[in-house]
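Provided herewith is a single structure, encoded as structure tokens, for subsequent inquiry.
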Amino acid sequence: MTWTVKIGRQTVIVESLQAASDEWCKYRDSRGLGASESPAVWVFSDGKKIARVSYNGRIWALDGKEILPQEVPTHFTTCMRKI
């Protein structure tokens, strides 16, 4: 199983949702981006889009519900590693 986070046109392999959030925050902070300048940030599992990361680093399921980094919703258990 491969997890990736896509930040604009850049794709990074990550180990967890927390790592995806951390990658986004490093990218945002290193470029001094404000909310209106931020690209879309998506998390994929084996090429399937499963979540997005908002400007502040919070993680959201595609249905709009927040996912805490230490939680793995039951409907993700088949496509996500345990955090």
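Every number in this text was worked out from the coordinates using simple rules, so none of it is lab data. Since this is a predicted model, take the numbers as computed values, not measurements. Please note: Cβ atoms are built from the backbone with ideal geometry, for glycine as well, and neighbour counts cover all protein chains shown.
How would you rank V43, V5, V12, going from fewest to most other Cβ atoms within 10 Å of each one's own Cβ? Each step should come with its number before you reach the end.
Values: V43 28, V5 24, V12 15.
Exposure proxy ranking, most exposed first: V12, V5, V43.
How much length is gained on full extension from R31 to L62, taking 0.36 nm per residue of separation minus their Cα-Cα distance?
Extending this stretch completely gives an extra 8.5 nm.
Let me know the Rg and Dmax you get for region 3-76 when you use only its Cα atoms, in Å.
11.5, 36
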